[in-house]
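> Can you keep this structure in mind? I'll have questions shortly.
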Amino acid sequence: MTATKERPILFSAPMVRAILDGRKTVTRRPVKPQPEVRMVDMIGPMLTFENKRGGHWLYPNAKQQIIEDCPYGQPGDRLWVQEAWAIAGGMPHDPGYVVLRSEFDGDYDDCGNPVDRWRTAETMDRDDCRVELEITSVRFERLQDISRADIRAEGLQCPPELASDDVSPNYRDWYPAAWKELWNSTGGDWDANPWVWVVEFKLVQP
């Protein structure tokens, strides 16, 4: 029986809360390196994706092979979520305990214990992870091909006052603008319209 593979994945505190609320069921991450057009003997210019063996897959001919090279895994694999974290409740003879940014907005935990400096998500250990996901599907596409339904599945919710055809701007305008703003806030470039991995998942823990 093949063992389940698992990999870490970074999420911000708002996105972790969206996952726990059931609003976020997919994530998009840039394909690295981005595919490029190359001259292929006897064929001519074709879009190519770098593969794990140092060569290139031809698109769309090798679409399935490209998907199988997704660095985030395949359906059935697990992703353990890394997020900002800190130590709370530390005393002279007490090492304290880990608290997560998605659980606390301030500088004190629920018991009034002070929280020390917040550490970056990349430094979280596997043992401190409290959110585990199972991949249900993997594909790749251009960033701007996302639909409004896809944006909702990314965890974004239109404000109630805009969710009507009777107001302008309304939800039709809000979703694309909000997704563009979110993507750019993470250091991405919406206007570049990169190829992205689209990883759908379900929550398995907690």
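The values are calculated or read from the model by the stated rules, or taken from the named source; none is laboratory data. Fair warning: this is a prediction, and the values are worked out from it, not measured in the lab. Cβ placement follows ideal geometry from the backbone for every residue including glycine, while neighbour counts extend to all protein chains displayed. We work out accessible area using only protein heavy atoms, side chains counted, and drop any ligands, DNA or RNA first. Shrake-Rupley method; radii C 1.70, N 1.55, O 1.52, S 1.80 Å.
> Identify all residues within the stretch 16-47 that are of a type in the set (S, T, N, Q) and open to solvent by 40 Å² or more (accessible area, probe 1.4 Å); write none if there are none. Spell out how you get there, then give the answer.
Quick first cut of the stretch 16-47, residues of a type in the set (S, T, N, Q) only: 25, 27, 34.
Once the filter is applied, which keeps residues that are of a type in the set (S, T, N, Q) and open to solvent by 40 Å² or more (accessible area, probe 1.4 Å), the stretch 16-47 yields THR25, GLN34.
> Can you say whether ARG101 is modelled with pLDDT under 90, under 26 Å from GLU200 (Cβ atoms) and not hydrophobic (A, V, I, L, M, F, W, C), as far as the supplied structure shows? Please lay out each step first, then the result.
Details: modelled with pLDDT under 90: yes; under 26 Å from GLU200 (Cβ atoms): yes; not hydrophobic (A, V, I, L, M, F, W, C): yes.
For ARG101, the condition - modelled with pLDDT under 90, under 26 Å from GLU200 (Cβ atoms) and not hydrophobic (A, V, I, L, M, F, W, C) - is met.
> Working only within the stretch 30-56, note down all residues that are closer than 30 Å to LEU182 by Cα and aliphatic (A, V, I, L, M).
VAL31, VAL37, LEU47
> Among the residues of the stretch 154-173 satisfying the criterion of being open to solvent by less than 60 Å² (accessible area, probe 1.4 Å) and not polar (S, T, N, Q), which is farthest from TRP197 (Cα to Cα)? Break it down stepwise before answering.
Our first condition is that a residue be open to solvent by less than 60 Å² (accessible area, probe 1.4 Å); within the stretch 154-173, this holds for 154-156, 158-159, 162, 164, 167, 170.
Okay, now just the ones that are also not polar (S, T, N, Q), so 154-156, 158-159, 162, 167.
Details: GLU154: 13, GLY155: 17, LEU156: 18, CYS158: 24, PRO159: 28, LEU162: 30, VAL167: 34 Å.
Per the criteria, the residue is VAL167.
> Within the stretch 176-184, is there a residue that is free of Cβ contacts under 8 Å to residues at least 24 places away in the same chain and over 30 Å from LYS63 (Cβ atoms)? Walk me through it before giving the result.
Residues of the stretch 176-184 free of Cβ contacts under 8 Å to residues at least 24 places away in the same chain: 177, 180-181, 184.
So of that shortlist, the ones also over 30 Å from LYS63 (Cβ atoms) come out as 177, 181.
So far as the stretch 176-184 goes, yes, one or more of its residues are free of Cβ contacts under 8 Å to residues at least 24 places away in the same chain and over 30 Å from LYS63 (Cβ atoms).
> Considering ILE151, ILE135, which residue is open to solvent by less than 30 Å² (accessible area, probe 1.4 Å), in contact (Cβ under 8 Å) with a residue 12 or more places away in the chain and in contact with a Gly (Cβ under 6 Å, 6 or more places away or on another chain)?
On the way: ILE151 fails: in contact with a Gly (Cβ under 6 Å, 6 or more places away or on another chain).
After ruling out the rest, the residue left standing is ILE135.
> Consider ASN184 against the criteria (1) under 28 Å from GLU68 (Cα atoms); (2) open to solvent by 70 Å² or more (accessible area, probe 1.4 Å): it satisfies all of them except one. Which criterion is unmet?
ASN184 satisfies every listed condition except (2).
> Hey, another quick one. Under 7 Å by Cβ, and 6 or more places apart or on different chains, what pairs join a residue from the stretch 44-62 that is free of Cβ contacts under 8 Å to residues at least 24 places away in the same chain with one that is part of a loop (DSSP other than H, G, I, E, B) and open to solvent by 30 Å² or more (accessible area, probe 1.4 Å)?
Going by the 7 Å Cβ cut-off, the qualifying pairs are GLU50/PRO33.
> Is there a residue in the stretch 73-85 that is of a type in the set (Gly, Ala, Ser), at pLDDT 95 or above, in contact with a strand residue (DSSP E or B) (Cβ under 9 Å, 6 or more places away or on another chain) and open to solvent by less than 70 Å² (accessible area, probe 1.4 Å)? First the steps, then the outcome.
Narrowing the stretch 73-85 to residues of a type in the set (Gly, Ala, Ser): 73, 76, 84.
Going one step further and asking which of them are at pLDDT 95 or above, we end up with 73, 76.
Among the residues that remain, those that are also in contact with a strand residue (DSSP E or B) (Cβ under 9 Å, 6 or more places away or on another chain) are: 73, 76.
Now drop any that are not open to solvent by less than 70 Å² (accessible area, probe 1.4 Å), which leaves 73, 76.
Looking through the stretch 73-85, at least one residue is of a type in the set (Gly, Ala, Ser), at pLDDT 95 or above, in contact with a strand residue (DSSP E or B) (Cβ under 9 Å, 6 or more places away or on another chain) and open to solvent by less than 70 Å² (accessible area, probe 1.4 Å).
> What number of residues within the stretch 22-50 satisfy the criterion of being farther than 12 Å from GLU154 by Cα, of a type outside the set (A, V, I, L, M, F, W, C) and at pLDDT 95 or above? Break it down stepwise before answering.
Initially, the stretch 22-50 is screened for residues farther than 12 Å from GLU154 by Cα, giving 30-50.
Checking which are of a type outside the set (A, V, I, L, M, F, W, C) leaves us with 30, 32-36, 38, 41, 44-45, 48, 50.
Retained after the next criterion (residues that are at pLDDT 95 or above): 30, 32-36, 48, 50.
Looking only at that region, the number is 8.
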